[in-house]
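The values are calculated or read from the model by the stated rules, or taken from the named source; none is laboratory data. The structure displayed is predicted, hence computed values, not measured ones. Ideal geometry is used to build each Cβ from the backbone, glycine not excepted, and the neighbour counts take in all protein chains shown. Just so you know, the surface numbers come from the protein's heavy atoms only, side chains and all, with ligands and any DNA or RNA stripped out. Shrake-Rupley method; radii C 1.70, N 1.55, O 1.52, S 1.80 Å.
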Amino acid sequence: MVFVTSDGLPVEAERPLSEDLRQRGVAVLQELFANGKVDENGFQRSLDGLLRISSEGEFASMMRSLP
């Protein structure tokens, strides 16, 4: 989605993160934890981060940072 600012320049807007996508991220984190790929602290930090993000771009960045 592209918006136009007051000075007439186009700005790309990030898509909001859907609850479905957030839940899929939670499932990925749970699987990583269950398989021992992240420890309890890493799981909790990642889960906290996942619950704070608000856009698909932030979600993609977080998913790329996981093992």
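Of all positions in the range 11-20, at least one carries a residue that is of a type in the set (Val, Ile, Thr) and over 11 Å from the mean Cα position of the chain (by Cα).
Restricting attention to the range 34-55, which residues are farther than 25 Å from Ala13 by Cα and either assigned to a helix (DSSP H, G or I) or open to solvent by 80 Å² or more (accessible area, probe 1.4 Å) (or both)? Residues satisfying the conditions are Ala34, Asn35, Lys37, Asp39, Glu40, Asn41, Gly42, Phe43, Gln44, Arg45.
So which residues in the range 10-33 are assigned to a helix (DSSP H, G or I), touching an Asp or Glu at 6+ places or on another chain (Cβ under 9 Å) and either open to solvent by 60 Å² or more (accessible area, probe 1.4 Å) or of a type in the set (Lys, Arg) (or both), if there are any at all?
The initial filter retains those residues of the range 10-33 that are assigned to a helix (DSSP H, G or I), namely 19-33.
Still in the running and touching an Asp or Glu at 6+ places or on another chain (Cβ under 9 Å): 21, 33.
Listed by number, the list holds a single entry, Phe33.
Which pairs do you get when a residue that is in contact (Cβ under 8 Å) with a residue 12 or more places away in the chain and surrounded by 13 or more Cβ atoms within 10 Å (Cβ to Cβ), found in the range 56-67, comes within reach of a residue that is polar (S, T, N, Q) and part of a helix (DSSP H, G or I), reach meaning Cβ atoms under 9 angstrom, with the pair 6+ apart or on two chains? Listed pairs, sorted by first residue: Met62/Ser46; Leu66/Ser46. Within the range 1-30, residues that are farther than 12 Å from Leu50 by Cβ have Cβ atoms under 6 Å from residues that are among the charged types (D, E, K, R) and modelled with pLDDT of 85 or more in these pairs: Arg15/Glu56, counting only partners at least 6 apart in sequence or on another chain.
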